[in-house]
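See below for the structure under consideration.
Any read-out appearing in this document is the output of simple, stated calculations on the displayed coordinates, not a laboratory observation. Since the structure is predicted, the reported quantities are computational estimates derived from the model, not experimental observations. Every residue, glycine as well, gets a Cβ built from its backbone with ideal geometry; the counts of neighbours run over all protein chains shown.
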Amino acid sequence: MISVWIAIISGLLAILAAIITHYLTKRRELEIREAEYKLERYKDFLASLAGVGSGYKTYDAHVHFTNAANTLNLIASKKVLEAVYELVDYVQTHKGENYNISEQNKILNKLILEIRRDLHPRTLKDFKQFEFHFFSHGLKPGEGVDTIKGQHSHAK
């Protein structure tokens, strides 16, 4: 009789172990997919930000930025969203004369730091005092750059 109970308990423990393992594996897969999706959305947002900040502000660039920023409402942390809103508010309220690129860069630094924190919480301490640099190609559609001379050229 004891051997029957041992067999029943062993079978139940094996089934329980399989269920727990399956659950933990599926949860980890979901976390990985979510992280990949979040990274893609952040990359798209940064690309759209570069599009509206490159000196030529086209309708398509603004639509891309708007869509990318709105998508962040679905996946971004509260701190990332606050930084996005701060950037948008700053750009919209300081058009023209009062615009300070240094202040914009501080807001962008905060935004990048919050994105990094959202993606990799443990790397924050390495970048707490880090100043990110932002790059823009500065070209208009159809322009190219002669990489040897560093001069702009127009595509034919």
Inset, instruction - Could you pull out the trypsin sites (Lys or Arg not before Pro) across region 1-94 that fall in loop regions by DSSP (anything but H, G, I, E, B) with no more than 12 other Cβ atoms inside 10 Å? - result: Lys57
Inset, instruction - Translational diffusion coefficient, Stokes-Einstein: compute it for region 25-113 using the Kirkwood radius over C-alpha pairs as Rh, at 10 °C and 1.306 mPa s, and state it as an integer in µm² s⁻¹. - result: 112 µm²/s
Legend entry - Of the chymotrypsin sites (Phe, Trp or Tyr not before Pro) in region 1-108, those whose Cβ has at most 15 other Cβ within 10 Å and which sit in DSSP loop: Tyr56, Tyr99
